[in-house]
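The values are calculated or read from the model by the stated rules, or taken from the named source; none is laboratory data. As the structure is a computational prediction, the values presented were derived from the model and not from experiment. All Cβ positions, glycine included, derive from the backbone under ideal geometry; neighbour counts span all protein chains shown. What goes into the accessible areas is simple: the full protein's heavy atoms, side chains included, and nothing from ligands, DNA or RNA. Shrake-Rupley method; radii C 1.70, N 1.55, O 1.52, S 1.80 Å.
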Amino acid sequence: MTTSTSDVERSDVERKAVLDSAEDMARLDPGGMLKIVSDLPQQIRDALGIAGRADFPASLAGARCIVSAGLGGSAIGGDVVRELVADELKVPMVVVRDYDLPAFVDRDTLVFVSSYSGNTEETLSAYGIARERGARMVCITSGGRLAELATRDGVPLVTIPQGFPPRTALGYLFVPMLVALARLGYVRDAAEGFEEAELILRDLAVVLGPESPTSVNQAKRLALAMHGKIPLIYGSSGITGAAALRWKTQINENSKTHAFWNAFPELNHNETVGWGAGEDISKALRVVLLKDKGDHPRVQRRMEITATLMGGAAGIDEVYSLGRSKVARLLSLVYVGDFASLYLAFLYGVDPKPVKVIDYLKNELARS
Ligand code: PA5
C-alpha cells in the first residue's frame, strides 16, 4: 500500500482533523480495530479465565529450558513472557521464529507452540520437530491444523477465541504461557500484576482512545510525529525491548509503513554511529524512546547522551511505562504503540486491519 503525495503533503491541521473526527476514523476503520485494541484489558481478563481452566499436566514441570515457537503476531507473546520472567526464571527461555528448532531441544525442553490461525507453516514444522524430539509441549491456537494435530497427539491445547487478527490477540497468546509457567512452578504467580495492568489499561483506553482529542492524546500526537517519517523505536534489553519490537511490527502491519527497532546498550555499539550520516538522511527518521524505571542506570545515562548525538533527526519522543509491576509497565508501553499505529494508519488513509501482503505470501507458498 503506497501513500499518495497529497496525503504526505497535507498540512498538520488537516491531518490532526482526521484524528479528531469520529466519522473519518470510522470510515478508515471498517474492521473495528480501534474497538479491538481498546478491549485489551477485557481480553486479558478473558485470557486469565481460559488459562485458569486449561490443563497443564505435572509432566510439563522441571524442564531444563523453555522454547516459545511462533511467527509474527503469535511470536511476540513469547518475547513478552520471556522479558516478564527474566529476573526469576532459573532456566533459559528462547523465542524461535523458524521452521527448525535448535539442537538443544529434547525431552527436557518445554516447548510452547503458538499460532493464532493454527495454519502457519513454520510453526507447524516446529511442532513436528518438537514432537519428534519428545519435547514436553503446550499448543496455543484458535484452531486450524495445529489444533487438529494437538488433539490427535494428545498434546495439551489452549484454545483461544477465533475472529481476531493475530496481532490483536496478544493477551490470549501470552497470558496462558505465563499462567502455565507459574502453575508448573517455574515462576511466581503474576496475579497482582495482572490486576494492576487491567486498571492502568482501562484508564489508558480513555486517554488514548478515539474520543480523546489530539491536544491531550499521546498516541495521536505520536502518530502525527511519525507521519511521513521512518519510525525508529528504541527500547533497552528488558521489557522496553519487547515493547519496541511490538511497536515496530504494529506500525508495519497496522500503518503499512516502514519502522525499525533496536535496544540499548547494544545500539550504542553500532547503530549510533549511523547518526553521523548527516541531516539529509537523519531527517527522514523519527525516534521514539521507550523508557522504564527498571532500565539499568547506565542505560538511562546512555539514552541521555545518545539523544544529544541524534540532533540531526526529525525529532525524538519519549514514552514512559506506567505502573509498579512488570506486566503493567510492559503492557502500558504496548498499548500506547498499538493505538499510535492505528492513528498513523488513519493519517496515511489506510485500513489498519487487512494485511494483504502477508496473505499473498502465505497463499503463494501454499500453492508451491
Ligand atoms: O499479524 C499477523 O497477521 C501475522 O504476523 C501473523 O501473526 C503471522 O503471519 C503468523 O500467523 P499466525 O499468528 O496465524 O500463526
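Spot the failing condition for Ala307; the list is (1) surrounded by 13 or more Cβ atoms within 10 Å (Cβ to Cβ); (2) farther than 29 Å from Glu195 by Cβ; (3) in contact with a helix residue (DSSP H, G or I) (Cβ under 7 Å, 6 or more places away or on another chain), and only one is missed.
(3)
A quick yes/no check of all residues on (1) more than 25 Å from Arg246 (Cα to Cα); (2) touching a residue at least 60 places away in the same chain (Cβ under 8 Å):
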{"residue": "Ser142", "(1), (2)": "no, no"}
{"residue": "Leu146", "(1), (2)": "no, no"}
{"residue": "Val155", "(1), (2)": "yes, no"}
{"residue": "Ala169", "(1), (2)": "no, yes"}
{"residue": "Ala180", "(1), (2)": "no, yes"}
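Could you say which residue among Val327, Val350 is in contact with a Phe, Trp or Tyr (Cβ under 7 Å, 6 or more places away or on another chain) and either farther than 21 Å from Met33 by Cβ or hydrophobic (A, V, I, L, M, F, W, C) (or both)?
None of the others qualify; the one that does is Val327.
On the basis of being among the hydrophobic types (A, V, I, L, M, F, W, C), over 23 Å from the mean Cα position of the chain (by Cα) and open to solvent by less than 30 Å² (accessible area, probe 1.4 Å), does Ala63 make the cut?
So Ala63 passes the test.
Tell me, which helices (runs of 4 or more DSSP H) wholly within the stretch 218-334 include 1 or more residues that are at pLDDT 95 or above and at negative phi?
Filter on the stretch 218-334 gives 218-226, 239-255, 297-309.
Return the residue satisfying two criteria in turn: it lies in the stretch 260-275 and is open to solvent by 70 Å² or more (accessible area, probe 1.4 Å) and without any contact (Cβ under 8 Å) to a residue 24 or more places away in the chain, and of such residues it is nearest to Leu245 (Cα to Cα).
His269
Please find, within the stretch 71-93, the residue that is nearest to the ligand (Cβ to nearest atom) out of those that are in a loop (DSSP other than H, G, I, E, B) and open to solvent by less than 30 Å² (accessible area, probe 1.4 Å).
In this case the residue turns out to be Ala75.
Go through (1) within 16 Å of the ligand (Cβ to nearest atom); (2) over 12 Å from the mean Cα position of the chain (by Cα) and name the single condition Asn252 misses.
Of (1) within 16 Å of the ligand (Cβ to nearest atom); (2) over 12 Å from the mean Cα position of the chain (by Cα), only one is false for Asn252: (2).
What is the one condition in (1) open to solvent by less than 30 Å² (accessible area, probe 1.4 Å); (2) under 15 Å from Ala223 (Cα atoms); (3) small (Gly, Ala, Ser) that Ala314 does not satisfy?
Ala314 satisfies every listed condition except (1).
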